[in-house]
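**Student:** Shown below is the structure under consideration.
The values are calculated or read from the model by the stated rules, or taken from the named source; none is laboratory data. Please read all numbers here as calculations on a predicted model, not as lab measurements. Positions of Cβ are backbone-derived with ideal geometry, glycine not excepted, and every protein chain shown enters the neighbour counts.
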Amino acid sequence: MLKDKTRYKRQCADDGNKYSSSFGFTLLEIMIALAIIGTALTVIVHTVNYHTNVMYENTQTTRMYQLAKEKMNELEMAPRSSSGDIDTTGFSYENTATPIKDTRLVELKTIVKGQGRQIVLNELVITKAE
């Protein structure tokens, strides 16, 4: 039985295929695999970074819109023009109340500005009869 194993090993070595008994990857195969993995990781990192920026911009726009709604509510309660900075947010606002001639209507306008963007809300309200 030992002779059969030895004969088989010699036969595999004499096949003319010098790689028949070697195992592993060549340097070229490893370099191609690394190039593919590197390209895939670059695409993934870029995509995640892009979507993170889009989420941040949408979050800031939503915050600005909510702050504009709050300032509009304040303007509805007391229709006076005012402006200033909104505490701890880095945004500024401008409220204007403009009476429309020969009517009981007042145009209320709120502008919230910050980070290169602005949100504008307009509203017409009827003043109370005097």
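**Student:** Identify all residues within the range 113-130 that are of a type in the set (D, E) and either modelled with pLDDT of 90 or more or assigned to a strand (DSSP E or B) (or both); write none if there are none. If you could, list the steps in order and put the result at the bottom.
**Tutor:** Let us first name the residues in the range 113-130 that are of a type in the set (D, E), namely 123, 130.
Passing the criteria: only E123.
**Student:** What are the residue pairs meeting all of these: first residue in the range 47-58, first residue over 19 Å from R117 (Cβ atoms), second residue among the β-branched types (V, I, T) and exposed (fewer than 10 other Cβ atoms within 10 Å of the Cβ), Cβ atoms under 8 Å, and 6 or more apart or on different chains?
**Tutor:** Pairs found: none.
**Student:** Looking at T89, T98, T110, T62, which is the one that is surrounded by fewer than 16 Cβ atoms within 10 Å (Cβ to Cβ), at negative phi and part of a strand (DSSP E or B)?
**Tutor:** One residue alone meets the criteria, T98.
**Student:** Another question, if that's okay. Quick one: R104 ticks every box in (1) under 37 Å from the mean Cα position of the chain (by Cα); (2) surrounded by 12 or more Cβ atoms within 10 Å (Cβ to Cβ) except a single one, so which number is it?
**Tutor:** (1)
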